Every structure is written in C-alpha cells, then in structure tokens.
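Presented below is the structure to which this report refers.
Just so it is clear, none of the values below were taken in a lab; they were calculated from the coordinates. Since we're looking at a predicted model, the values are computed, not measured. No Cβ is skipped: glycine too gets one built from the backbone with ideal geometry, and neighbour counts run over all protein chains shown.
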Amino acid sequence: IPITDVTDTLTDVTDTLTDVTDTLTDVTDTLTDVTDTLTDVTDTLTDVTDTLTDVTDTLTDVTDTLTDVTDTLTDVTDTLTDVTDTLTDVTDTLTDVTDTLTDVTDTLTDVTDTLTDVTDTLTDVTDTLTDVTDTDTLTDVTDTLTDVTDTLTDVTDTLTDVTDTSLM
C-alpha cells in the first residue's frame, strides 16, 4: 500500500471524526436546550401548584366567613323570635335587629370581596394553565426532539462510514 493512500485514508478518518465531534457537540447543545425548556415547564407547574394552594386557602377563608354569616343569621332569627314574644321590647329589639342586619351586610360585602379575589385567582390559574399547554410551546419541544433524533441519526451514519472506512 502506498503511503499516500494511507495518508489519504487517515485524513478522511480525521475529517470524519471531526464531523462526528461537531455533531456530538450539536447534540449536547440541543439536549441542554431541551433540559432548559423542561426546567421552565417544571417551574411553571410549581407556580400553578402554588397558585392552586392559594386558591384552596382562600376558599377555606370563604367557608369560615359563610359560617360567620350563618351564625349571624341565627342570631337574627333568635332576635326576631324575642320581638314576637315581647311586644313591650319591640322598639329596642328592632334597633338590635337593624344593627345585626348591618353586621350581616358588612359580612356579605366581605364575602363578595373575597369571592372576587377567588375569581381573580382562578383567572390567573387559567391563564397560567393556558400558557403551559400552549401549542407553540409544545411544538417547540417536539421540533427540538425531532432535531435531536435527526442529529443522532447523522452521527450513527457517520460512525458507520468511519467503521466501514477503517475496515477497508
């Protein structure tokens, strides 16, 4: 075998190995991009979980407030029963009922405000879920995975060529 043929073959093998190294670097970069994207998705899901926990806490507060309203309404009923039983105390009792109804109105206003906050939080959760399930984001991840697959196929082909060349 002439030395020129050996030199040419070694040059071809070196070029092919350089191509394989470049391709593997591209695969590593692509995998890093995929990992970063998956980390972003994980962070978003953590934010959604935190928001859902906040919604649960707010709903617990609403339940407590509704219990207070029920207790207040029970007090109003008792007061109205006392009015029926004692006509001489009607004026004083009506004043008490008016005060109690004012408290109920204040409590209902608080409940309305809390429900508005819950609605806003649910809207935020819906927006976040929409962002997480956005078709463009999922398409980008799919495209990146397709690129990685194509690159790995190229590396396999190149390695096969190197193997075939080295066996010659």
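Applying a threshold of 8 Å to beta carbon distances and a minimum spacing of six or more residues, or different chains, the list of pairs starting in region 32-55 at a residue that is farther than 20 Å from residue 138 by Cα and ending at one that is of a type in the set (Ser, Thr, Tyr) and surrounded by 15 or more Cβ atoms within 10 Å (Cβ to Cβ) reads 51/121; 51/128; 54/121; 55/121. Against the list (1) among the acidic types (Asp, Glu); (2) surrounded by 12 or more Cβ atoms within 10 Å (Cβ to Cβ); (3) under 30 Å from residue 14 (Cβ atoms), the condition residue 96 fails is (3). Quick one: would you say residue 63 is exposed (fewer than 11 other Cβ atoms within 10 Å of the Cβ), free of Cβ contacts under 8 Å to residues at least 24 places away in the same chain and part of a helix (DSSP H, G or I)? Yes. Of the residues 14, 84, 32, 4, the single one that is under 26 Å from the mean Cα position of the chain (by Cα), assigned to a helix (DSSP H, G or I) and exposed (fewer than 15 other Cβ atoms within 10 Å of the Cβ) is 32. For region 113-120, indicate whether the set of residues that are assigned to a helix (DSSP H, G or I), surrounded by 12 or more Cβ atoms within 10 Å (Cβ to Cβ), in contact (Cβ under 8 Å) with a residue 24 or more places away in the chain and of a type outside the set (Val, Ile, Thr) is non-empty. So far as region 113-120 goes, yes, one or more of its residues are assigned to a helix (DSSP H, G or I), surrounded by 12 or more Cβ atoms within 10 Å (Cβ to Cβ), in contact (Cβ under 8 Å) with a residue 24 or more places away in the chain and of a type outside the set (Val, Ile, Thr).
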